[in-house]
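Visitor: I'd like to ask you about the structure that follows.
Derivation of every value follows stated rules applied to the coordinates shown; laboratory data play no part. Everything quoted here is computed from the prediction, not taken from an experiment. All Cβ positions, glycine included, derive from the backbone under ideal geometry; neighbour counts span all protein chains shown.
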């Protein structure tokens, strides 16, 4: 995965006589859709153990990663000027559909499988947004990521660049997590074959269209596709809620920030959860300690046992 658009040669090539001039704001259409890419090349041990879509992982006992995306999407009217921007969630054919528990009134939600396999994220986008106008914009995000920052201000920043394509570069070198692009730019992507949006698609578009980059000091989202990613994302999220600063390189990070127990999880009152999640169907017994771990459906932490940085699944007892 390419971590920065600069590595693609996009930054030095955003303006040139052979590129289309950016549309004036008055001629631009709205951001019509928030497209969340939920495909996976191969399942990880973490995804196999949780038995659900990453979008259905809890952030709080009654709030999932998808709930947060939908809540932010419902606030996009002021940033996009469109009355009803839709949310389109794309899942590969071997993937698990999210449940989308918290339906948001007046917010169209489409969950669909990839129409063609092995197209890559760039090819997939070209295939699924063909019904939009050439000057309509879409915002593309990683469905498997926990959103850490309000979405509307970021989209406003991307719009203000006046680029055909606008993306985010992180000062820490972490991967791009949001891209806004004009649908007409996707015509440069071949109609057949594999094309990844970040590795090939952005470079192809930069040759004919204006590509702009904004820099952020911190990522807007963190991928939760692995145990480490999920726990790290929750720590970042709860630090933001409690306004606790990140620990320094020589500080001990021993104070718990969160514990999340879904309805249907069994946790003994004497058990200790330190930055840990117990999913529905998981059990933590008397005097057990769970640190930086996820107890999956069917997983059991026996009485008095301590588990650290682990996936506790049904077969790991």
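Visitor: Figure the gain on full extension for residue 287 and residue 272 (residue separation times 0.36 nm, minus the Cα-Cα span) and round it to one decimal in nm.
Guide: Once the chain is fully extended between residue 287 and residue 272, it gains 4.7 nm.
Visitor: So how far apart, in nm, are the two label points at residue 86 and residue 194 if each is 7 Å from Cα heading toward Cβ?
Guide: The answer from the label model is 2.9 nm.
Visitor: How big is the gap, in Å, between the Cα center of segment 275-293 and the Cα center of segment 204-220?
Guide: Each part reduced to its Cα centre gives a spacing of 41 Å.
Visitor: Quantify how much of the Cα-Cα distance distribution of segment 247-316 extends past 17 Å, in percent.
Guide: 35 percent
Visitor: If I model a spin label as a point 7 Å beyond the Cα along the Cα-Cβ vector, how far apart are those points for residue 60 and residue 308 in nm?
Guide: The modelled label-to-label distance comes out at 3.1 nm.
Visitor: Once you place label points 7 Å from the Cα toward the Cβ at residue 187 and residue 131, how far apart are they in nm?
Guide: Calculated label separation equals 2.1 nm.
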